[in-house]
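**Student:** Pasting in a structure now, in structure tokens, and then I'll have a few things to ask.
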Amino acid sequence: MRLSTKPFLLLAAFAATLPVFSQTIQVNKDNRTIAITATDEASAPADLAAVTVGFETFGADQAQTYADATRTSNAINDALKAAGVQPDQIESREQNLSPIDENDKLHFAKGLRFRFSQSWQVTVPAANAAATLHAAVLAGANNSGNIEWKLKSEDAVEGDAAAKALEHAHKMAERMAQGLGIKLGPLVYASNQAQARPVMMMSAMARGAAAPMPKALKPLAISPEKITRSATVYAVFSVE
């Protein structure tokens, strides 16, 4: 857990204006305060998973490549629906039919001239991520595996981070007041700023040519990641 504090004492004998995250607070000669800036973090397990599923296939000509692709595409879509995924949980990301570059000696040697690729992002409850990926791969999704972990609502974890930062600021202010031989009064002002939200990803599975797979396979063991958010609080306490 990362903690940072920037304490300073304002025993004002003059007027001043302090910028705080695009806000201001006026301090005048009658205002005796201790101001603290503190940063803290809070975490919660992800409850949503945005699973990337997709495939690529190769063919000797455009018509055959596209025909094979349509069969695989619809098989994957049907498998997702059979696994309980609703249509509004599936978003198309990419689909591309293109000729293979003649410098691709490996595919050219096999008589392959066209490549088709397609991918979707499937958003499901985090607990269903493994089963969703499993169903898609068994249906031919040979280029799948990225998972973006999310929270249905960021508010709770960001609120927890802000509360922890404010508590830390209060403890720091109390220690400062004790060191100065003065009594800490109540909180008179506070503001907080949530930090940037990183995207939590799980790396993709390796690409590979589609091949028959045993239907008795169990889904991969996948556990949701924890989502961490931080908040910075600026707090002003009166002193007596």
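The values are calculated or read from the model by the stated rules, or taken from the named source; none is laboratory data. Keep in mind the model is a prediction, meaning the values are calculated, not measured. Using ideal geometry, Cβ is built from the backbone for each residue, glycine included, and neighbour counts are taken over all protein chains shown.
**Student:** Can you tell which of Glu174, Glu225, Glu167 is modelled with pLDDT of 65 or more, of a type in the set (D, E, K, R) and buried (at least 16 other Cβ atoms within 10 Å of the Cβ)?
**Tutor:** Numbers: Glu174 fails: buried (at least 16 other Cβ atoms within 10 Å of the Cβ); Glu167 fails: buried (at least 16 other Cβ atoms within 10 Å of the Cβ).
So the residue among Glu174, Glu225, Glu167 that is modelled with pLDDT of 65 or more, of a type in the set (D, E, K, R) and buried (at least 16 other Cβ atoms within 10 Å of the Cβ) is Glu225.
**Student:** In this structure, is Phe114 among the aromatic types (Phe, Trp, Tyr), surrounded by fewer than 20 Cβ atoms within 10 Å (Cβ to Cβ) and in the same structural domain as Thr57 (by TED's automatic domain parsing)?
**Tutor:** no
**Student:** On to the next question. Hey, can you tell me all the residues within the range 123-144 that are under 25 Å from Thr65 (Cα atoms) and not in a helix (DSSP H, G or I)? Before you say what the answer is, go through the steps one by one.
**Tutor:** Quick first cut of the range 123-144, residues under 25 Å from Thr65 (Cα atoms) only: 133-144.
Ala139, Gly140, Ala141, Asn142, Asn143, Ser144, listed by residue number.
**Student:** Related question: Can you find a residue in the range 69-83 that is outside the structural domain of Met176 (by TED's automatic domain parsing), surrounded by fewer than 16 Cβ atoms within 10 Å (Cβ to Cβ) and over 25 Å from Asn146 (Cβ atoms)?
**Tutor:** Taking every residue of the range 69-83 in turn, none turns out to be outside the structural domain of Met176 (by TED's automatic domain parsing), surrounded by fewer than 16 Cβ atoms within 10 Å (Cβ to Cβ) and over 25 Å from Asn146 (Cβ atoms).
**Student:** If a residue has to be touching a residue at least 12 places away in the same chain (Cβ under 8 Å) and either buried (at least 18 other Cβ atoms within 10 Å of the Cβ) or assigned to a helix (DSSP H, G or I) (or both) to count, how many in the range 177-195 make the cut?
**Tutor:** Here is the first cut: in the range 177-195, the residues touching a residue at least 12 places away in the same chain (Cβ under 8 Å) are 177, 180, 182-195.
Right, trim to either buried (at least 18 other Cβ atoms within 10 Å of the Cβ) or assigned to a helix (DSSP H, G or I) (or both) and you get 177, 180, 184, 192.
Final tally of qualifying residues: 4.
**Student:** Could we say that Ser117 is in a strand (DSSP E or B), small (Gly, Ala, Ser), modelled with pLDDT of 95 or more and farther than 20 Å from Lys226 by Cα here?
**Tutor:** Working: in a strand (DSSP E or B): yes; small (Gly, Ala, Ser): yes; modelled with pLDDT of 95 or more: yes; farther than 20 Å from Lys226 by Cα: yes.
Yes.
**Student:** Given the options Ala67, Ala173, name the one that is outside any strand (DSSP E or B) and within 30 Å of Val239 (Cβ to Cβ).
**Tutor:** Numbers: Ala67 fails: within 30 Å of Val239 (Cβ to Cβ).
Result: Ala173 is the single residue among Ala67, Ala173 that is outside any strand (DSSP E or B) and within 30 Å of Val239 (Cβ to Cβ).
**Student:** Still on this structure, I have one more. On the given criteria, is Ala161 buried (at least 20 other Cβ atoms within 10 Å of the Cβ) and of a type outside the set (Lys, Arg)?
**Tutor:** Details: buried (at least 20 other Cβ atoms within 10 Å of the Cβ): yes; of a type outside the set (Lys, Arg): yes.
When the stated conditions are applied, Ala161 passes them.
**Student:** Could you look through the range 137-158, keep only residues that are loosely packed, with under 15 Cβ neighbours inside 10 Å and not charged (D, E, K, R), and pick out the one that is farthest from Glu41 (Cα to Cα)?
**Tutor:** Within the range 137-158, the subset loosely packed, with under 15 Cβ neighbours inside 10 Å is 152-156.
Those left that are additionally not charged (D, E, K, R): 153, 156.
On the way: Ser153: 16, Ala156: 12 Å.
Looking at residues that are loosely packed, with under 15 Cβ neighbours inside 10 Å and not charged (D, E, K, R), I get Ser153.
**Student:** Answer yes if at least one residue in the range 87-109 is surrounded by fewer than 12 Cβ atoms within 10 Å (Cβ to Cβ), among the small types (Gly, Ala, Ser), assigned to a helix (DSSP H, G or I) and at pLDDT 95 or above, and no otherwise.
**Tutor:** No, the range 87-109 contains no residue that is surrounded by fewer than 12 Cβ atoms within 10 Å (Cβ to Cβ), among the small types (Gly, Ala, Ser), assigned to a helix (DSSP H, G or I) and at pLDDT 95 or above.
**Student:** Give the range 124-155 a look and list any residue that's within 15 Å of the chain's Cα centre (by Cα), more than 17 Å from Ile90 (Cα to Cα) and aliphatic (A, V, I, L, M), or say none.
**Tutor:** Leu151
**Student:** Can you tell me which residue among Ala216, Ala210, Ala206 is in contact with a strand residue (DSSP E or B) (Cβ under 7 Å, 6 or more places away or on another chain), of a type outside the set (Phe, Trp, Tyr), part of a loop (DSSP other than H, G, I, E, B) and modelled with pLDDT under 85?
**Tutor:** Working: Ala216 fails: in contact with a strand residue (DSSP E or B) (Cβ under 7 Å, 6 or more places away or on another chain); Ala206 fails: in contact with a strand residue (DSSP E or B) (Cβ under 7 Å, 6 or more places away or on another chain).
Residue meeting the stated conditions: Ala210.
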